[in-house]
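What follows is a short report on a single structure.
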Amino acid sequence: MKEYIHSHYCTGFILRKTTYKCWDLGRRVYVIVSQRLGHGPSAHIFAAMTDMEIGMETLIKVFHRYATKDGNGKSLNKKGLRTLLENEVPTFLKSQDDPNIVDRIMKDLDEDRVDRLKFEQFFSFIAGLSIACEKLYVCKEQVKK
């Protein structure tokens, strides 16, 4: 069980402390216990996350895991991008003939030329890679028929 505690604004009430308790039962189910200012604690049970929500959460967490390694936490430098690609999409990286592929990816995505990728820039790469993979998937499915 993981527990996250933070303060935030939600549905018109300022929450002093919100504790997220997460149990993994094959699919993620969240029980949120919150205490509003001037009110007692209340509990809310949310449905299991969908596959799409889990995928989105995974993309965000993976990005920030590698962005955090270089101390910034908000963007990837070239080393962080290389490590992410080596660990998270090794088949893609190994299939490239260009030994400078990470340099090229960084140059293509780093529009503001700061040698760092924000999540939005990284996500455009993942979206493009996913589109290419989906095209291969569709071709393979058509061959099966």
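No lab work stands behind these numbers, since they all come straight from the coordinates. Since we're looking at a predicted model, the values are computed, not measured. So basically every Cβ, Gly included, is an ideal-geometry build from the backbone, and we count neighbours across all protein chains shown.
Are any residues in segment 107-118 assigned to a helix (DSSP H, G or I) and crowded, with 16+ Cβ neighbours inside 10 Å, and if so, which ones? Walk me through it before giving the result.
First pass over segment 107-118, keeping only residues assigned to a helix (DSSP H, G or I): 107-109.
The one that is assigned to a helix (DSSP H, G or I) and crowded, with 16+ Cβ neighbours inside 10 Å: Leu109.
Which residues, taken from segment 71-121, are of a type in the set (Gly, Ala, Ser) and over 20 Å from Ile131 (Cβ atoms)?
As a first pass, look at segment 71-121 and keep what is of a type in the set (Gly, Ala, Ser): 71, 73, 75, 80, 95.
Result: Gly71, Gly73, Ser75, Gly80.
Quickly run through segment 119-145 and pick out the residues that are under 17 Å from Ile60 (Cβ atoms) and either without any contact (Cβ under 8 Å) to a residue 12 or more places away in the chain or not in a helix (DSSP H, G or I) (or both). Spell out the reasoning first.
Going through segment 119-145, the residues under 17 Å from Ile60 (Cβ atoms) turn out to be 119-127, 129-130.
Once the filter is applied, which keeps residues that are under 17 Å from Ile60 (Cβ atoms) and either without any contact (Cβ under 8 Å) to a residue 12 or more places away in the chain or not in a helix (DSSP H, G or I) (or both), segment 119-145 yields Glu120, Ala127, Ser130.
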